[in-house]
Amino acid sequence: MNYYEAIFKRKSFHFFIGGEPTTEEDLKLVNNFIKEVKPLYDDIKTEIIVVPEKETTCHRGADYCVLFYSETKGEYLRNIGYIGEQIDLYLNSIGLGALWFGIGKPKEVRNNGLEYVIMLAFKRMPVNNFRKDMFKSKRKLLEEIWSGESIDDVSNIVRFAPSACNTQPWYVENKNNELFIYRYKKPGKRGIMPINQVMYYNRIDIGIFLFILETCLTNKNIVFERTLMNDESTAEIEKTLVAVYKI
Ligand SMILES: Cc1cc2nc3c(=O)[nH]c(=O)nc-3n(C[C@H](O)[C@H](O)[C@H](O)COP(=O)(O)O)c2cc1C
């Protein structure tokens with residue numbers, strides 16, 4: 001699985017218009033892949049299942065939804081973002097259009113004692129409907145998310161990680177080959193999401209971002225040593241340190 005290549009073609013299918021039926025073979029591939037994903041935290045229990053879209057409140061024309069359940073401890077939201085982005089990129093890589101769907105709810109909000117966190121809807125979509133030029137998609141400028149020396153094929157690519165409402169709540173400082181990663185919230189900026197939702201989704205977004213960052217570093221054969229920090233601050237704080245990568 002080449003995650004790096006998949007970053008360039010992935011996009012959110014907000015509506016699955018003009019898709020083709022997802023096949024039994026597709027489902028088998030997805031279910032097998034789910035068994036292979038690597039968590040950010042080994043000690044947080046998770047359960048990932050695939051159900052028909054009609055068993056959820058998602059009505060975007062997808063066929064299925066990947067449901068993420070987790071123990072609700074520590075950085076479980078970040079963990080789900082990190083795991084889920086592997087699945088998002090995998091789906092895109094095999095021609096299954098996908099959508100992180102934060103506002104969706106499944107029938108069962110509890111599964112084996114674990115809590116429902118978020119879903120990814122998907123459906124087989126025509127090859128032509130995937131992203132052709134990632135650089136045309138709407139994102140913050142490099143200088144808005146990165147300070148210090150930029151890294152070719154990394155700094156300018158991580159910008160395109162997906163996030164809830166495209167909030168892009170991240171900031172990187174490169175200080176002598178140590179990357180300080182922050183969850184970032186522009187002071188005073190009020191988006192369309194209520195504050196408790198921003199806190200929830202932006203923690204998932206950070207997990208997504210860390211997976212994309214690691215994918216870009218690995219693609220360049222840059223070896224890194226990762227230190228993860230707990231994120232206990234409120235969304236009102238401008239910069240919360242969430243991880244340091246020594247490269
Ligand atoms: C955690 C998360 C939750 C999201 N929730 C929704 C949602 O509820 N509804 C929706 O239409 N899009 C949702 N999105 C998709 C984002 O709007 C989309 O990723 C962002 O605008 C960037 O666009 P792109 O994914 O096409 O690059 C979500 C994305 C993430 C990462």
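None of the figures in this text is laboratory data; all of them are computed from the coordinates on show. Just so we're clear, the structure is a prediction, and the values are computed from it rather than from any experiment. Every residue, glycine among them, receives a Cβ derived from its backbone with ideal geometry; neighbour counts consider all protein chains shown.
Assorted remarks:
- Counted by neighbouring Cβ atoms within 10 Å, the residues Thr167, Thr72 run from fewest to most as Thr72, Thr167.
- What you get for region 138-246, charging only the Cβ of Lys and Arg (+1) and of Asp and Glu (-1), is a dipole of about 380 debye around the Cα centre.
- Calculated FRET efficiency for the pair Arg190/Glu36, C-beta based, R₀ 41 Å, to 0.05: 0.55
- With both labels modelled 7 Å from their Cα along Cα-to-Cβ, the Arg131 to Glu225 distance reads 3.3 nm.
- Listed residue (Phe13, Thr56, Leu241) projecting farthest to the positive dipole end of the chain, Cβ model: Phe13
- 30 Å Cα-Cα threshold exceeded, pairs from Lys123/Lys175; Lys73/Lys246; Lys28/Lys105: Lys123/Lys175
- Residues Cys65, Cys58, Cys165 arranged by fewest to most Cβ contacts within 10 Å: Cys165, Cys58, Cys65
- Whichever lysines have a C-alpha closer than 16 Å to that of Lys136, once near sequence neighbours (fewer than 8 apart) are set aside: Lys9, Lys11
- Centre separation in Å (Cα based) which lies between region 96-117 and region 1-75: 10
- Under the convention that each Lys and Arg Cβ holds +1 and each Asp and Glu Cβ holds -1, the size of the dipole of region 36-108 around its Cα centre is about 220 debye.
- For the chain, the relative contact order comes to 21 percent (Cα pairs under 8 Å, sequence separation of at least 6).
- The residue among Leu67, Ile181, Tyr201 whose Cα reaches farthest toward the positive pole of the charge dipole of the chain, with charges on the beta-carbon of Lys, Arg, Asp and Glu, is Tyr201.
- Ranking of Asp43, Asp153 by neighbouring Cβ atoms within 10 Å, starting from the fewest: Asp43, Asp153.
- With contributions of -39500 (n - 2.57) from each DSSP H run of at least four residues, the per-residue ellipticity at 222 nm computed over the chain stands at -8500 deg cm²/dmol.
- The loop-placed GluC sites (Glu not before Pro) in region 167-232, going by DSSP, that have at most 13 neighbouring Cβ atoms within 10 Å of their Cβ come out as Glu232.
- Extension gain (nm, one decimal) between His59 and Asn177, 0.36 nm per residue minus Cα-Cα: 38.0 nm
- The charge dipole of the chain, taken about its Cα centre with unit charges on the Cβ of Lys, Arg, Asp and Glu (plus for the first two, minus for the last two), comes to roughly 740 debye.
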